[in-house]
Amino acid sequence: MYAKFMALPFVTRRVIIAAAAFFSMFLIVHLPKNGFSETLLFAAGLTMLWAVGILIPFLKILFFVLKWRLNYVVRFK
């Protein structure tokens, strides 16, 4: 099964992974709230961001804002 999955085109594999992550997020939301279910939801969300292809730009913007904020706090407060 893994060999068949890897034989698929790159975009098709990403779409399948994103759909599976979205479906798992849909199921996880209906679980009772605790640390484990929240961790699973976070992991599924990161997986979906990675599969869609916006994780790296999201992280770059996040680190830029963090760097700017820390620089502002160090200089002016």
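Please treat every number below as a calculation from the coordinates, not as lab data. As the structure is a computational prediction, the values presented were derived from the model and not from experiment. Ideal geometry is used to build each Cβ from the backbone, glycine not excepted, and the neighbour counts take in all protein chains shown.
Tell me whether segment 40-52 contains one or more residues that are of a type outside the set (Asp, Glu) and loosely packed, with under 12 Cβ neighbours inside 10 Å. No, segment 40-52 contains no residue that is of a type outside the set (Asp, Glu) and loosely packed, with under 12 Cβ neighbours inside 10 Å.
Each residue in segment 53-77 was checked for being farther than 30 Å from residue 11 by Cα and surrounded by 10 or more Cβ atoms within 10 Å (Cβ to Cβ), and 8 pass. Whenever a residue of segment 23-41 is under 18 Å from residue 51 (Cβ atoms), its partners that are not in a helix (DSSP H, G or I), lying with C-beta atoms within less than 9 angstrom and at least six residues away or across chains, give the pairs 40/31; 41/31.
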